[in-house]
Amino acid sequence: MNQLHVFFLPYLAYGHMIPTLETAKLFASRGVQTTMIVTPGFVEPVEKARKSGFNIGIHVMKFPPEESGLPHGITSDQISDDMLPKFLKSMDLLQEPLEKLLEEFRPDCLVADVLFPWATDAAAKFDIPRLIFHGTSFLALCASEHMRIYKPYKNVSSDLEEFVLPNLPHQLKFTGTQVPNFYREEIENELTKLLTKIKESEIRSYGVLFNSFYELEPDYADHYRKVLRRNSWHIGPLLLCNKGGEDYKAQRGKESAIDEHECLEWLNSKEPNSVVYICFGSIATFTTKQLHEIAKGLEISSQKFIWVVRKGKNQKEDGKENWLPEGFEERTKDKGLIIRGWAPQLLILENKATGVFVTHCGWNSMLEGVCSGVPMVTWPVFAEQFYNEKLVTDVLRIGVSVGNKQYKRKESEGIEREAIDMAIRRIMEGEEGSEMRSRAQEYKEKARKAVEEDGSSYTDLSALLEELRAYRLGVNTTKVNNCSI
Ligand code: UDP
């Protein structure tokens, strides 16, 4: 049988699950037999893909284990900081059931999320190549590797003093406060142990799959391959690879908290490029004070807006919302729409009325912004988001920063209304903003071309599939992963 069979193991968060499922769809559309290995909380999106005609198999692994004490069906967006160690431990327990499946089905390749470093050894037991699904940019991986090697935050006199990350293609500046404390202080805990294992497995695995395209970050794709000497394939933007209808776009991940038609009707009644869309992904939360400042910033900017507010624990008091300024919704009722919960983000970004995307720089959101040709106000809060910000502001020059310097996963705060107003108006008004908009439109076009037949991402996937076929026949084409710095 000539057909390749590939297993996909996504991490338990929507920001990881959505692009992994899109990768499986892409492989299936190129004639590969695909199987998603999921936990109970993520069966629904796979079933939806299967119902819409994608030939994708599914295996469900029990999670979390009973002894963990975690609630049934829990996903990472429901995890508080104190639950994190238990959650990470429970994820390790998935190795055994995965190995059973690998032994039984003997796929030709395992694509496993970067957060499962043990997947490389699990696959190696059965001589199956393991690819890492790294849902981020080439720039972010190059930058984090340089941060690890050079530790430039040690050479400044204060946490707020800027330093340049050495030896990258651009002069990218950061502050110590944008690098997590546990990392700078070299504290050993469950998370830092996991990060070390991830680094090791990145070097020992067969290679890395990027949801990116060459034309977006050529200097960093080259740097990753030629200087850091890692095997990789760029196959994105995945969201453009699988032609889905409006339904698919509206329902990526979870069900929307707003009727999509109502939302579109609202947008369609607005002028082109006149609406500010604000959304911070599926994990980050803000304090009540920060939400208040966002509301005030929007009000003084006088712009129309759609603002997505995730339900955080301190947004309600005695059943009442306490995070909106008095009378805000009444005053802005003709201008603004607040979505409490999950928004149909892709539909909103693709709508002509959307003029700027205020984003936390999660990689999926950034790609969605790029593919929609919308300039951005960048507001990173944690993970690799501070690196992704630099791609938008310093490299592509399709956005401006709101100025957050503080790494904080939950209950982030510190940005004042004036900074929000100014960043939004720099894009919505004036020459600088229209130049960013035209550059954003150029990247939208480049993204579309990358996934077309003979485009850079299409061809890179063809090369990978060819290599996997050769591997199956016993021709090992793997190059040695060996950092040259
Ligand atoms: N998303 C959405 N509606 C929301 C919030 C998020 O559709 O209200 C989607 C968004 O389009 C993106 C993903 O969830 O595809 C979030 O991933 P990202 O990498 O941007 O951020 P994370 O959630 O991992 O921080």
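The values are calculated or read from the model by the stated rules, or taken from the named source; none is laboratory data. This is a predicted model, so every value here is computed, not measured. When we count neighbours, we look across all protein chains shown, and the Cβ atoms used for this are built from the backbone with ideal geometry, even at glycine.
Some notes on this structure:
- Options Gly399, Gly433, Gly403; residue that is within 23 Å of the chain's Cα centre (by Cα) and within 21 Å of Ser274 (Cα to Cα): Gly399
- Qualifying residue in the stretch 67-90 (condition: in the same structural domain as Lys197 (by TED's automatic domain parsing), over 30 Å from Glu188 (Cα atoms) and away from the ligand (no atom under 16 Å from the Cβ)): no
- Scanning the stretch 110-167 for residues that are surrounded by fewer than 19 Cβ atoms within 10 Å (Cβ to Cβ), in a loop (DSSP other than H, G, I, E, B) and either free of Cβ contacts under 8 Å to residues at least 12 places away in the same chain or not hydroxyl-bearing (Ser, Thr, Tyr) (or both) returns Trp118, Lys125, Phe126, Asp127, Lys151, Val156, Ser157, Asp159, Leu160, Glu161, Pro166, Asn167.
- Number of the exception - Gln385 against (1) touching a Pro at 6+ places or on another chain (Cβ under 6 Å); (2) within 13 Å of the ligand (Cβ to nearest atom); (3) of a type outside the set (Phe, Trp, Tyr): (1)
- Conditions (1) over 20 Å from Val164 (Cα atoms); (2) within 11 Å of the ligand (Cβ to nearest atom); number of the one not met by Met376: (2)
- Failed criterion for Arg340 (all others in (1) within 12 Å of the ligand (Cβ to nearest atom); (2) among the basic types (Lys, Arg); (3) under 18 Å from Arg426 (Cα atoms) hold): (3)
- Output for the stretch 1-51, where each listed residue is charged (D, E, K, R) and away from the ligand (no atom under 16 Å from the Cβ): Arg30, Glu47, Arg50, Lys51
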